[in-house]
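The values are calculated or read from the model by the stated rules, or taken from the named source; none is laboratory data. All values derive from a computational prediction rather than experimental measurement. A quick note on method: Cβ atoms are made from the backbone with ideal geometry, for glycine too, and the neighbour counts reach across all protein chains shown. Just the protein is used for accessible areas: all its heavy atoms, side chains included, with ligands, DNA and RNA removed. Shrake-Rupley method; radii C 1.70, N 1.55, O 1.52, S 1.80 Å.
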Amino acid sequence: MFEIAPSILSADFARLGEEIRAVETGGARCLHVDVMDGQFVPNITLGLPVVESIRKATKLKIDAHLMIAEPLRFAAKFVEAGADMVSVHVEADAHLHRTLMAIREAGGQSGAAINPATPLAAIEEALPFADYIVLMSVNPGFGGQKFIETSLDKLRRLRRMIDERGLDTKIEIDGGVGKENIAEAVEAGAQIVVAGSAVYGRGKPTEAVRELIEAGTVWI
Ligand code: DX5
Ligand code: ZN
């Protein structure tokens, strides 16, 4: 089974509460919140006060994806602000182990995110300290980009790497997933599937979440 994590990046920020309730009605249990700093990625989105407000507005699990430089500065603060899960990029962090432990010590689930061109070896040693890996299937920074097809093979290899080590680190896939390819991603081993434009892009988020859950429910 898999979990869908709608990304509010493509939502209407002026109606955020409503947009969140819409995906909850559709069956989502987890909300993906993209934090960008204009340095690690060429875009700026939102930060701690917005996560605090979302926390007050919903019971959904909050999955904060930090696309920021030197994430150790902020990772635990996002847990304190109400995030249940916090992921940081391996490319942005020279002390990944320390950051993952700081997230856990703050009471959150720790995630290591990895860009499309970064080899899996970069997170191999961190697997025991990560509750989940965010496998990027687009270059982080923007919603609505095209799924990079080689990500499926990378996903299968990551699945094998985790299973061979007997770990229960989860795999989350992020970027370019929609109705047309969600089943393939689940079959390849994704347990959490992020969807931004596929959920909020058509103006019918409740329906879109239902359709994605249906399209991704495969017998494996
Ligand atoms: C990209 C973000 C994604 C984004 C996904 O930098 O990390 O979470 O919202 O959006 P879609 O599903 O439209 O590719
Ligand atoms: Zn993301």
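Remark: segment 51-66, residue by residue, has Karplus-estimated 3J(HN,Hα) of 4, 4, 5, 4, 4, 6, 9, 8, 9, 4, 5, 9, 10, 8, 9, 8 Hz, where x stands for each Gly or Pro and the curve is 6.51 cos²θ - 1.76 cosθ + 1.60 at θ = phi - 60°. When the chain is modelled as a GNM with alpha-carbon springs shorter than 10 Å, which of H89, H65, H97 fluctuates the most? Most flexible of the set in this elastic network: H97.
Residues whose amide H lies under 5 Å from that of Q145, counting only those 5 or more places away or on a different chain, are G176; hydrogens are built 1.01 Å from N in the peptide plane. Among the protein heavy atoms, those of R157 account for about 110 Å² of accessible surface (1.4 Å probe, every chain in place).
Kindly provide the GluC sites (Glu not before Pro) of segment 158-200 that DSSP labels as loop, not H, G, I, E or B, and whose Cβ sees at most 15 other Cβ atoms within 10 Å. Those that pass, being in a loop and sparsely packed, are E180. The relative contact order of the chain, computed from alpha carbon pairs under 8 Å that lie at least 6 residues apart in sequence, is 22 percent. Rg over Rh for the chain works out to 0.93, both radii taken from alpha-carbon positions and Rh defined as the Kirkwood radius. Qualifying GluC sites (Glu not before Pro) in segment 123-155, where qualification requires a DSSP coil assignment and no more than 12 other C-beta atoms within 10 Å, comprise E125, E149. Evaluating 6.51 cos²θ - 1.76 cosθ + 1.60 at θ = phi - 60° for every residue in segment 177-188, the Karplus couplings come out as 9, x, 4, 6, 10, 5, 5, 4, 5, 5, 4, 6 Hz, glycine and proline recorded as x.
Counting only Cα atoms, I'd like the Rg/Rh figure for segment 134-185, Kirkwood definition for Rh. Result: Rg/Rh = 1.00. The count of lysine pairs in the chain whose Cα atoms are under 22 Å apart, excluding pairs fewer than 8 places apart on the same chain, comes to 14. Accessible surface comparison of D63, D153, D37, D93, probe 1.4 Å, protein chains only, largest first: the order is D153, D37, D93, D63. Taking the chain as a Gaussian network of alpha-carbon nodes connected by springs under 10 Å, the highest mean-square fluctuation of the residues M161, M36, M136 belongs to M161. Of the solvent-accessible surface of the chain, computed with a 1.4 Å probe over protein heavy atoms with every protein chain present, carbon and sulfur atoms account for 51 percent. Shape index of segment 107-211: Rg/Rh, with Rg the Cα radius of gyration and Rh the Kirkwood radius from the inverse mean 1/r over Cα pairs, equals 0.98. A 1.4 Å probe run over the protein chains yields, for the chain, 45 Å² of accessible area per residue, whole-number rounding. Place +1 on the Cβ of every Lys and Arg and -1 on the Cβ of every Asp and Glu in segment 75-220, take the dipole about the Cα centre, and give the residue among T118, G203, T169 whose Cα lies farthest towards its positive end. Of the candidates, G203 comes out farthest on the positive side. Evaluate the charge dipole of the chain about its Cα centre and quote only its size in Debye, nearest 20, assuming +1 on the Cβ of each Lys and Arg and -1 on the Cβ of each Asp and Glu. Charge dipole, the chain, about its Cα centre: 280 debye, nearest 20.
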